[in-house]
Structure formats: C-alpha cells, structure tokens
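Working notes for the structure below.
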Amino acid sequence: MPPLNAPPPRGPPSPGALPMPSFAPRRNGRPTPRAAESRPVTNHTSFAHHTSAAVMRERLELLLQAGGMDGSALGRAYKKRFGGEINHQEFGCASLRELLMRHSVAAGLSVTERDGRGIRGVWVTLAELSPSTGEAPSA
C-alpha cells in the first residue's frame with residue numbers, strides 16, 4: 001500500500017507536452033528509412049553501392065554458365081537475378097555495351113560484336129580458359 005502523502009501516480013505525458021518531431025528532408029539523395037525498407041531484400045550487397053570487379057565477374061559467370069546471350073538479355077537477367085542493374089558508370093563506362101567491350105578479358109568473358117545495333121549487337125559468353133595457365137586468353 002502506497003504511503004498517504006505520496007504524489008499520485010503519473011501517466012504518460014499529454015501530447016501537447018511532447019516536443020515536435022523533426023521531419024527534415026534527406027540530403028544527397030539518401031533514402032528515407034521507409035524507402036530503404038521497401039527495397040528488395042537480396043543475399044548480396046546492393047550493386048548500386050560499389051560492387052567490386054570480382055563480385056561482378058562472379059555474377060556474370062553465374063548468369064552465363066548455361067550459355068551465351070546478347071548484351072540486352074544479360075542486363076535483364078542480371079537485374080532479375082540480383083535485384084539491380086549493372087552500374088556501368090561505376091567502372092568508367094558510358095554504357096553497358098562499352099563496359100562489356102572494354103572489360104571483357106578482366107571479367108573472364110568473350111564478347112563478340114555481331115553488328116552495330118547497340119547492346120543487342122553484342123554476344124557474350126564465358127571465355128575459354130587456357131589449358132596451360134588456367135586463365136582466359138588475352139585479347
């Protein structure tokens with residue numbers, strides 16, 4: 001039993017006594033917490049946040065194990081499988097076609113230019129490994 005001279009129990013403060021929350025806008029394009037929660041959850045680091053060349057090489061190898069495909073189909077398959085587009089600008093390229101053409105050897109790919117129709121005119125397969133070194137042949 002509480003003492004007779006004890007103050008009455010206090011409940012939660014009235015809403016008017018609470019400070020106003022701050023809903024400041026996000027700077028530098030950072031997503032709000034709700035926007036970040038709505039992104040697809042995947043078992044990898046988001047490609048939009050600096051995917052290393054090694055991770056890119058592993059992902060492309062996974063996609064091309066069954067056989068080759070044109071560059072456009074490769075871009076769609078990458079987005080479907082990993083939840084984001086290939087960020088060609090991160091590798092200093094103006095387009096996915098340029099990325100595939102410039103960095104094919106480093107990525108372990110064989111890229112063949114079929115015609116000048118943009119990304120659809122590029123055929124991509126895994127590079128054949130050299131029996132003596134175990135590495136992709138240099139171009």
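Any read-out appearing in this document is the output of simple, stated calculations on the displayed coordinates, not a laboratory observation. Since the structure is predicted, the reported quantities are computational estimates derived from the model, not experimental observations. Here the Cβ positions follow ideal geometry from the backbone for every residue, glycine too, while neighbour counts run over all protein chains shown.
A few notes on this one:
- Along region 94-104 the Karplus relation, 6.51 cos²θ - 1.76 cosθ + 1.60 evaluated at θ = phi - 60°, assigns HN-Hα couplings of 7, 8, 5, 4, 4, 4, 5, 6, 7, 10, 5 Hz to successive residues, with x for each Gly and Pro.
- Convex hull of Cα atoms in region 69-129, direction-averaged projection (nm²): 4.1
- Peptide packing: for 81-87, 97-103, the average count of neighbouring Cβ atoms within 10 Å per residue gives the ranking 97-103, 81-87, highest mean first.
- Residue-wise HN-Hα couplings along region 72-84, as the Karplus relation 6.51 cos²θ - 1.76 cosθ + 1.60 with θ = phi - 60° gives them from phi, are 5, 5, 5, x, 5, 5, 4, 4, 5, 6, 10, x, x Hz; Gly and Pro carry x.
- Under Karplus coefficients 6.51, -1.76 and 1.60, residue-wise ³J(HN,Hα) of region 13-19 in Hz, glycine/proline x: x, 5, x, x, 7, 7, x
- When only the Cβ of Lys, Arg, Asp and Glu is charged (+1, +1, -1, -1), the dipole of region 69-129 relative to its Cα centre reaches about 260 debye.
- Between LEU126 and SER110, the built amide H atoms are under 5 Å apart, and every one of these is 5 or more places off in sequence or on another chain.
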